[in-house]
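Contents: one structure, followed by commentary.
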Amino acid sequence: MRALSLRGVSKRYGTATALDEVDLDIAEGEIVGLLGHNGAGKTTLMSLVAGLLRPDAGEIEVLGVSPVRDRRRARRGLGLAPQELGVYPPLTVRHNLRFFAELAGLRGKEVRRRIEEVAEPLGLASLLERRVSQLSGGEQRRVHTAMALLHRPKLLLLDEPTAGVDVETRARLIAFVREMAAAGTAVCYSTHYLAEVEALDASVAVLDHGRMIARGPLKELVRRHGDSAVELTFTGEPPELSLPWPVTRAADVLRVHVEHPQLAAPDVLASLGEAALRLVNLRVVQPSLESVFLRLTGRRYAGESTEAAPPGSNPVGAVETTVRETAGRDPKGGSDDGSAPLSDGRAVAHRAGHHG
């Protein structure tokens, strides 16, 4: 059964197109890594699914229910943890969790049981009586995520859940997301850390300028679009080389696109001649999710444009192995029913989890 279905969904903010006829299905128990540069439309997509915004065109179904026609019913099976923290610092962790559990319609012993259920795997059991204001940023992020899990959602939306957190929090969140998916929860997981998508063993959906440009299992996308190359960095302009493989240039970097770069590296070095004196780095690039993203979009994941490849050559391949998180955000706005804009994380969590 599909937990989430989008068909031809479009959304505009004035003259800017945030989403352009997007199709996306997520099955029960499936984790989808939603990738895209800042401004690609990831947060807008999640806001539409949560019923916080109305699409300009297209159809959305959450567990078979339209969040446009029946927001309250659609939200019952939905959990949303937006980018901005939605916690109440003066309250204890337990009081924060209890408040949101009751908003989700839980009562009495069920509230206590669900709090214990999410606190243990997220490392909150020993923090329940502490004020949230006394917690570290990573611990507050765990509380924020736990709020979206209390009612055991069948569809979980996590928008950059590990932004700015420590290694321990990241590991706990990834492990718990995998446990939930194994129990049947569908997960849409937006992240700037490509390694997390690999660790989650997630399928992949890539948004670029509001359009869905790739969708499928991680291994299949790497097989179809992954780029391998010998990458050389020089001081000054890269030299012209006579090689039997396609070569692209960007600034001071030269890339030799070859199926087995580790075997081709000696021949590439031998062809440099005097230019070898200006060589400052050589890297063997193997097919990966990063190389898939770069090849499909032609841009670094941080959103910086790369130099266009020469006509007839392969698209730009792997450029860097480090993905840097940036501070930009997708466009945000209030929901159609007058609720707070997405910048207020508490209002988002309240609206997404409220049943009454």
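The values are calculated or read from the model by the stated rules, or taken from the named source; none is laboratory data. Because the structure is a prediction, the values reported are computed rather than measured. Counting neighbours? That spans all protein chains shown, and the Cβs are built from the backbone with ideal geometry, glycine included.
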Worksheet, complete the sentence: Filtering the stretch 1-49 for residues that are over 18 Å from Pro217 (Cβ atoms) and free of Cβ contacts under 8 Å to residues at least 24 places away in the same chain leaves a count of 2
Worksheet item: Just one of Arg69, Arg130 is surrounded by fewer than 17 Cβ atoms within 10 Å (Cβ to Cβ), in the same structural domain as Asp25 (by TED's automatic domain parsing), free of Cβ contacts under 8 Å to residues at least 60 places away in the same chain and within 29 Å of Leu6 (Cβ to Cβ); which is it?
Response: Arg69
Worksheet item: Which one is farthest from His144 (Cα to Cα), of the residues in the stretch 41-66 that are surrounded by 19 or more Cβ atoms within 10 Å (Cβ to Cβ) and small (Gly, Ala, Ser)?
Response: Gly41
Worksheet item: Of the residues that sit in the stretch 242-294 and are of a type in the set (S, T, N, Q) and in contact with a strand residue (DSSP E or B) (Cβ under 6 Å, 6 or more places away or on another chain), which one is farthest from Leu232 (Cα to Cα)?
Response: Gln262
Discussion item. Leu106 - would you say it is crowded, with 20+ Cβ neighbours inside 10 Å, under 30 Å from Leu6 (Cα atoms) and modelled with pLDDT of 95 or more?
Written reply: no
Worksheet item: How many residues, within the stretch 154-169, are surrounded by 21 or more Cβ atoms within 10 Å (Cβ to Cβ) and in a helix (DSSP H, G or I)?
Response: 1
Worksheet item: Would you pick out the residues in the stretch 80-98 that are within 25 Å of the chain's Cα centre (by Cα) and of a type in the set (S, T, N, Q)?
Response: Gln83
Fill in: Filter pass, Leu53 being in contact (Cβ under 8 Å) with a residue 40 or more places away in the chain and over 16 Å from the mean Cα position of the chain (by Cα)
yes
Practice prompt. Name the single residue, out of those in the stretch 114-153 being among the basic types (Lys, Arg) and in a loop (DSSP other than H, G, I, E, B), that is nearest to Ile174 (Cα to Cα).
Written response: Arg152
